[in-house]
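A short worksheet on the structure shown next.
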Amino acid sequence: MTGRPTELTRRGALRAGALAALAVPLAACGPGYDESPDPLQPLLTAAEADATAARALAKGADAGAAGQLADARAAHAAALKSEVDRLNRPKPSPSPAPPAPAALGDLKDRLAAARKQAEDLVPALPRYRAGLVAAVAAGCAALQRTAPALGPGDDAPKPPTAVAGAVPPEAVDPLQGALAAEHAAVWVYGLVSAFLPGDFGDAEKSGAAEHAVRRDLLQSMLSAAGATPVAPEAAYVPKNPVTDAKSASQVVATAEADCASAWLAVITHTDDAGLRTTALHALVAAARRGTPWRSEAGEKPAAIALPGQNS
């Protein structure tokens, strides 16, 4: 008497399993599913191709720079693939594979194109995606400073003295965080000037000046929004004592990484395209400035793959 009910139960379980297997594809075609090609897929394809091409060049005189490029672009590909797979949108028609590079310099234009493609997407993407793609753009911009064959790449536009439009309420707190990071960076550049040799002077002065401009801009923006701009600390305590050029370079690199993280947080907390662009320029600038300082400090890799995310 127990065989028949057991058989029915098994059949029911099989039917339930089959329906469950169909649930995901059916849900993907339901209301709200975006059937347009994923704009991140071309970024992913380019990152994968660059990583493979650079890995093949990681030998001889270019081994260090090519290996760093391969690792960074592989990190970009992994982060982008996770997001592309998560949304599972249709893939655009594949483009022809680029020719295999014969030398590191053959990747220069590809790296610049990847950076621009990512930068152009940031203003209109959903917040999480905007932050991811902004970090990829900044990572490409930093890589352009790792070897003459790859760069030097364009510097980010100079910060404006004012930003048109009101500050969105949701952006006030992250802008306060960016201001705090800029206060610290200005202080750090003042601290290290006594420990750096003369040939560091231009980099030290230009970095200090740009952070001062961004600090002033943030103070004006926050005041216009009716917020009280956060004040600087009386002094800051570096993680390690600053005693020579190497330790001075290390603390500057840390300040730049902190600024990158703070500006990335602005991007991920607002939908305002103009404010995102301002933050993206600051993120890229911090990533590019921080790269040679990391190199001087002996940090490896010199270029952070996803500035602001893992810095």
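The values are calculated or read from the model by the stated rules, or taken from the named source; none is laboratory data. Everything numeric here is computed off the predicted structure, so don't read it as measured data. Neighbour counts run over all protein chains shown; Cβ positions are idealised from the backbone, glycine included. For accessibility, only protein heavy atoms count, side chains too; no ligands or nucleic acids. Shrake-Rupley method; radii C 1.70, N 1.55, O 1.52, S 1.80 Å.
A few comments on the model shown:
- Gyration tensor (alpha-carbon) shape descriptor, the stretch 153-311, a/c threshold 1.5: prolate
- Accessible surface for the chain, divided over its residues, is 50 Å² per residue with a 1.4 Å probe.
- In this structure, no residue pair taken from Lys239/Lys300; Lys91/Lys116; Lys158/Lys205; Lys205/Lys239; Lys59/Lys108; Lys108/Lys158 has a Cα-Cα separation over 25 Å.
- Three-way shape call for the stretch 139-221 based on the alpha-carbon gyration tensor, with the a/c threshold at 1.5: oblate
- The chain: angle of helix 273-296 to the longest principal axis, Cα-based, in degrees nearest 10: 70 degrees
- In the complete set of protein chains, residue-level accessible area for Leu121 is approximately 40 Å², probe 1.4 angstrom.
- Packing here is the average count of other Cβ atoms within 10 Å per residue, and on that basis the peptides 129-142, 254-267, 54-67, highest first, run 129-142, 254-267, 54-67.
- Cα gyration tensor, the chain - rounded (a/c under 1.5), prolate or oblate: prolate
- Per-atom-type breakdown for the chain gives carbon and sulfur 59% of the accessible area (1.4 Å probe, protein chains only).
- Packing-based ranking, highest mean first, of 183-195, 207-219, 276-288 given that Cβ atoms within 10 Å are counted: 276-288, 207-219, 183-195
- Normalised contact order of the chain, rounded percent, pairs of Cα under 8 Å and 6 or more residues apart: 20 percent
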